[in-house]
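In what follows, a single structure is set out as structure tokens and then discussed.
The values are calculated or read from the model by the stated rules, or taken from the named source; none is laboratory data. The model shown is predicted, which means the values in this text are computed figures rather than measured ones. Every residue, glycine among them, receives a Cβ derived from its backbone with ideal geometry; neighbour counts consider all protein chains shown.
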Amino acid sequence: MARKIVNGELVDMTPDEEAAFEAGRTLTLVQARREMRDRIAARRALAEQGGFTHLTIVYSSRGADLARLSIMAERARTAKAAAENTWRARMVAADDSESNMNADEVIALEKSAGDHFVACAANARSLRQAVNAAADTASVLAVDINDGWPA
């Protein structure tokens, strides 16, 4: 299934529905670029919130979970600075499994989350550059906005 923005809403479409939708529309180059940049932004949001992998385990990348991770990583840095060698934190993965992590492991988990967002931003930038470099509407619409996102 493909995801399309139709009238400001993200809609799932089968390949046949997508082809029919695209066939019924005629876009100028400027309109196609604007629409593709909007699609890239929506796809980036999906990738950013779709979770990130750390040591083969998927963790949530949604707001509240990231806020908790940020707080725990800051607490881990404080514990390391105070030489609290027994400091541990229970971190919950996206599948609700739990890991009992030490300070270095929590900090590494936070880094993996950050790396995920950096990769999402870099891929979005690359796709926007491809859209902006395309010479005609067909080339703009041929950019595969589902390619290159981190898992």
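Given the conditions (1) among the β-branched types (Val, Ile, Thr); (2) over 15 Å from the mean Cα position of the chain (by Cα); (3) exposed (fewer than 15 other Cβ atoms within 10 Å of the Cβ), which single one is not true for VAL118?
Unmet condition: (2).
Look through region 92-149, keep the residues that are in contact with a Ser or Thr (Cβ under 8 Å, 6 or more places away or on another chain) and assigned to a loop (DSSP other than H, G, I, E, B), and return whichever of them is farthest from ARG37 (Cα to Cα).
Filtering region 92-149 for residues that are in contact with a Ser or Thr (Cβ under 8 Å, 6 or more places away or on another chain) and assigned to a loop (DSSP other than H, G, I, E, B), the one farthest from ARG37 (Cα to Cα) comes out as ALA93.
Condition check: of a type outside the set (Ser, Thr, Tyr) and modelled with pLDDT under 95. Does GLU84 satisfy that? It would help to see each step written out before you state the result.
On the way: of a type outside the set (Ser, Thr, Tyr): yes; modelled with pLDDT under 95: yes.
Taking the combined requirement at face value, the residue satisfies it.
Quick one: how many residues across region 88-98 are surrounded by fewer than 17 Cβ atoms within 10 Å (Cβ to Cβ) and over 19 Å from the mean Cα position of the chain (by Cα)?
Final tally of qualifying residues: 6.
Mind listing just one residue for me: the one in region 28-63 that is in contact with a Lys or Arg (Cβ under 9 Å, 6 or more places away or on another chain) and in a loop (DSSP other than H, G, I, E, B) and, of those, surrounded by the most Cβ atoms within 10 Å (Cβ to Cβ)?
Step by step, filter region 28-63, then rank; the result is GLY51.
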